[in-house]
Amino acid sequence: MIPKIQVSNLNLYYSTFHALKNINVTLEAKKITAIIGPSGCGKSTLLRVFNRMNDLVDGVKTTGEVFIDGNNILATDTNLVDLRKKVGMVFQRPNPFPLSIYENVIFGLKVHGIKKNLDPVVENSLKAVSLWDGLKDRLKKSALSLTLEEKQRLCIARLIAVKSDIVLMDEPCSSLDPQSTTRIEELMRELKKEYSIVIVTHNMQQAARVSDDTGFMLLGELIEFNKTEVIFTKPHDSRTEGYITGRYG
Amino acid sequence: MRKFKEFIIEKLILLSGLTSIFFVVLIFLFLLKEGLSVFQIVTPCDFLFGKSWYPISEPAQLGILPLMMGSLIITLGATIISVPIGVACAVYIAEVAPSRIKEILKAGIELLAAIPSVVLGFIGMMTLVPWIKNVFHLPTGLTALSGSVMLAFMAMPTIVSIAEDALYSVPKSYKEGALALGATHWQTIYRIIVPAASSGILAAVMLGIGRVIGETMAVMMITGNAAVIPTSILQPVRTLTATIAAEMGEAVVGSEHYFALFAIGIVLFIISFIINVTSDLFLHRERK
């Protein structure tokens, strides 16, 4: 097993609220790791530690260490631009920019100073998310004209364009219909060959369907982390069992 | 009984709504009636593009081109000064400033909006006008430039507060998306947030310009009021508004001079109307 993200003694406070409590976990490369748990358990917060998006919130204090490919990203000298290029994020609501489809795909490259030879990147990125055939003739159209599913795929294509190697997904299907969800899940399995994916979801079935490993969080603690089939068939902790069998949550 | 009460209240509200429209129509009709009479004396073309404004000479020369040019040059100057500063200020308040400084700045901008224009004019007359006279070695500091600078101060609060609203209404998800792709704060602002807010910012600029064109007191005090076509921003000019304010008192009711001043009012009305409609269009587009 190749450790991709290694979390040790991670604690996070929103001012006085203790949102993440002493998290220790190792996530593997080129796997899909699901984080499940009831609302407010800190799963999105944990995800946002990996690309330091929590820095945007006032009054956040983080202690402990998070290593990505051996570098502690919580160190004060971490270059956030490089980190976020490497660790991409897909949001709950698809958030394409109010620009053309083409401009959306190359946005990341542009901000990283790459301005030449963009056409092949656009083609490859859109092919990777199966949008190319449908959209290749209207790349100049506004991305806001796409369907929700297409928008979400476009947001994934944006990450592929900058060659992220970790993709964080924060409930990526919660605004999509079941068919679109199935297709995005297929896409995730496809992407797993190249990318390490961490997905936060409160859809337990989704976690069971797509992920290799699953972590269960409750009230800021990582209660249990294991192979997905173990979590869903013979969880070791009674709280995990209670959640997956629907006793609460 | 309750139904009756509802009925009365509904009609009262309808009535107050209609009243305001009614008065606007009345004002407009009055303006038209008085103003259009001037075209029995001069052709619309001579009125709009005539180069001299000597309303009390014999025969009266009623060309408002110098006045329109005066308004134009001052508006242009004020726009050039106030738009970059105002938009930058809005970006700073909406995106960059820590919350304490944000509060202080917003209060400051509101204070600026609260200064009566005659006070601004007076301050300009006492400070800016002599300064411009000395710096540029001019015979008088009462110039288009002085007017532009003071009017820029008046346009700024409008521009800042409306542009700031437009920036705030950009969905947070755009910002997060850009930052999560590794864009710096500045790249996020100029590549995503400002373009996304552009129609609101344009509306802010238009309303700021509207404010400048309609302003009377301050320009009358510090622009020198010479009704000549300006060739430089360092010359005295006279605006449409200042002409009405300065001359209405001495124009004989029913004289051609009197009608001409009302016609200037119509011109101003049309200009403000166009500006308001344009900015409304921009604001509407943004909401969509």
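None of the figures in this text is laboratory data; all of them are computed from the coordinates on show. Just so we're clear, the structure is a prediction, and the values are computed from it rather than from any experiment. All Cβ positions, glycine included, derive from the backbone under ideal geometry; neighbour counts span all protein chains shown.
Only four residue types carry charge here, +1 at the Cβ of Lys and Arg and -1 at the Cβ of Asp and Glu. Report the dipole size of chain B about the Cα centre in Debye, rounded to the nearest 20. If you can, show how the numbers build up before the last one.
Numbers: 18 positive and 17 negative charges, 179 e Å.
In total the dipole reaches around 860 debye.
Picking from A:Lys227, A:Lys115, A:Lys43, which is most flexible by a Gaussian network model of chain A using Cα springs under 10 Å?
Highest fluctuation of the listed residues: A:Lys115.
Summarise the partner chain shielding of B:164-176 as one whole number: the mean count of Cβ atoms from other chains within 10 Å of each residue's Cβ. Let's see the in-between values first.
On the way: counts 0, 0, 0, 0, 0, 0, 1, 3, 2, 7, 5, 2, 7.
For peptide B:164-176, the averaged partner shielding equals 2.
For Cα pairs less than 8 Å apart in space and 6+ apart in sequence, what is the mean separation divided by the residue count of chain A, i.e. the relative contact order in percent? Before the final figure, lay out each step's value.
Working: 463 pairs, mean separation 69.0, N = 249.
Averaging sequence separation for qualifying contacts and normalising by length gives 28 percent for chain A.
For each pair in A:Lys31/A:Lys151; A:Lys4/A:Lys30; A:Lys4/A:Lys86, compute the distance between the two Cα atoms and list the pairs where it is over 19 Å. Spell out each step's value before the answer.
On the way: A:Lys31/A:Lys151 24 Å; A:Lys4/A:Lys30 8 Å; A:Lys4/A:Lys86 12 Å.
Beyond 19 Å: A:Lys31/A:Lys151.
Considering only Cα-Cα distances, which of the following residue pairs are longer than 24 Å: A:Lys116/B:Lys172; A:Lys127/A:Lys193; A:Lys85/A:Lys127? Mind dumping the intermediate values first?
Working: A:Lys116/B:Lys172 30 Å; A:Lys127/A:Lys193 15 Å; A:Lys85/A:Lys127 20 Å.
Cα-Cα > 24 Å for A:Lys116/B:Lys172; rest within.
How many Cβ atoms of partner chains, on average, are near each residue of A:68-81 if near means within 10 Å of its Cβ?
Numbers: counts 0, 0, 0, 0, 0, 0, 0, 0, 0, 0, 0, 1, 4, 6.
Going residue by residue through A:68-81 and averaging, the value is 1.
Shape verdict for chain B, please, from the Cα gyration tensor: rounded (a/c under 1.5), prolate (a/b greater than b/c) or oblate. All intermediate terms of the calculation are to be shown ahead of the outcome.
Values: a/c = 2.24, a/b = 1.29, b/c = 1.74.
Verdict is oblate for chain B.
Can you tell me how segment A:6-109 classifies by the Cα gyration tensor, rounded, prolate or oblate, using a/c under 1.5 as the rounded cut? Don't skip to the end; give the middle numbers.
Details: a/c = 1.63, a/b = 1.49, b/c = 1.09.
Judged from the Cα gyration tensor, segment A:6-109 comes out prolate (a/c at least 1.5, a/b above b/c).
How high is the relative contact order of segment B:68-287, in percent, with contacts defined as C-alpha pairs under 8 Å that are six or more residues apart? Let's see the in-between values first.
Numbers: 294 pairs, mean separation 60.5, N = 220.
With pairs under 8 Å counted, the relative contact order is 27 percent.
Once you place label points 7 Å from the Cα toward the Cβ at B:Thr43 and B:Val24, how far apart are they in nm?
If labels sit at B:Thr43 and B:Val24, their model points lie 3.4 nm apart.
Farthest toward the dipole's positive end in chain B, which of B:Ala78, B:Met1, B:Met154, given Cβ charges of +1 (Lys, Arg) and -1 (Asp, Glu) about the Cα centre?
It is B:Met1, whose Cα lies furthest towards the positive end.
Of the candidates A:Met169, A:Met204, A:Met188, which one comes out as most mobile in a Gaussian network treatment of chain A with C-alpha springs shorter than 10 Å?
Residue with maximal mean-square fluctuation among A:Met169, A:Met204, A:Met188: A:Met204.
Give the lysines reachable from B:Lys3 as a straight Cα distance under 30 Å; neighbours fewer than 8 places away on the same chain don't count.
Leaving aside lysines fewer than 8 places away in the same chain, those within reach of B:Lys3 are B:Lys11.
With axes computed from alpha carbons, what is the tilt in degrees of helix A:118-128 against the longest principal axis of chain A, rounded to the nearest 10 within 0 to 90?
On a 0 to 90 degree scale, this one is about 50.
In peptide A:99-112, how many Cβ atoms from other protein chains are near each Cβ within 10 Å, on average? Each step should come with its number before you reach the end.
On the way: counts 5, 0, 0, 0, 1, 1, 0, 0, 8, 6, 1, 4, 11, 4.
Shielding by partners across A:99-112 averages 3.
Straight-line reach from A:Lys61: which lysines have Cα under 17 Å away, leaving out those fewer than 8 places along the same chain?
A:Lys21, A:Lys43
Per DSSP helix of 4 or more residues, -39500 (n - 2.57); summed, then divided by the residues of chain B. What does that give at 222 nm, rounded to the nearest 500? Mind dumping the intermediate values first?
Working: 12 runs with 195 residues, N = 288.
My calculation for chain B gives -22500 deg cm²/dmol from helical runs alone.
Starting with the highest mean, order B:212-225, B:105-118 by the number of other Cβ atoms within 10 Å, averaged over the residues of each peptide.
Values: B:212-225: 23.8, B:105-118: 13.7.
Result, highest mean first: B:212-225, B:105-118.
Quote the charge dipole size of the protein assembly as shown about the Cα centre in Debye, to the nearest 20; the model charges only the Cβ of Lys and Arg (+1) and of Asp and Glu (-1).
Working: 51 positive and 46 negative charges, 182 e Å.
Computed charge dipole of the protein assembly as shown: roughly 880 debye.
Taking neighbour Cβ counts within 10 Å as the exposure measure, how do B:Lys175, B:Lys5, A:Lys116, A:Lys163 sort from fewest upward? Walk me through the intermediate numbers first.
On the way: B:Lys175 20, B:Lys5 9, A:Lys116 6, A:Lys163 16.
So the residues, fewest neighbours to most, are A:Lys116, B:Lys5, A:Lys163, B:Lys175.
So how tilted is helix B:2-36 from the main axis of chain B? Cα-based, degrees 0 to 90, rounded to 10.
Between the helix axis and the principal axis of chain B, the angle is about 40 degrees.
I need B:Trp186, A:Trp132 ordered by Cβ neighbour count within 10 Å, fewest first. It would help to have the intermediate numbers written out before the result.
Details: B:Trp186 11, A:Trp132 16.
Placing the least packed residue first, the sequence is B:Trp186, A:Trp132.
Tell me which residues come under 5 Å, amide H to amide H, from A:Glu224 once H is placed; ignore anything under 5 positions away on its chain.
Residues meeting the amide H criterion: A:Phe216.
Per-residue ellipticity at 222 nm for chain A, helices alone: DSSP H runs ≥ 4 residues times -39500 (n - 2.57), over residue total, nearest 500 deg cm²/dmol? Let's see the in-between values first.
Details: 10 runs with 89 residues, N = 249.
Helix contribution divided over all residues of chain A: -10000 deg cm²/dmol.
Relative to the longest principal Cα axis of chain A, at what angle does helix A:178-191 sit, 0 to 90 degrees, rounded to 10?
90 degrees
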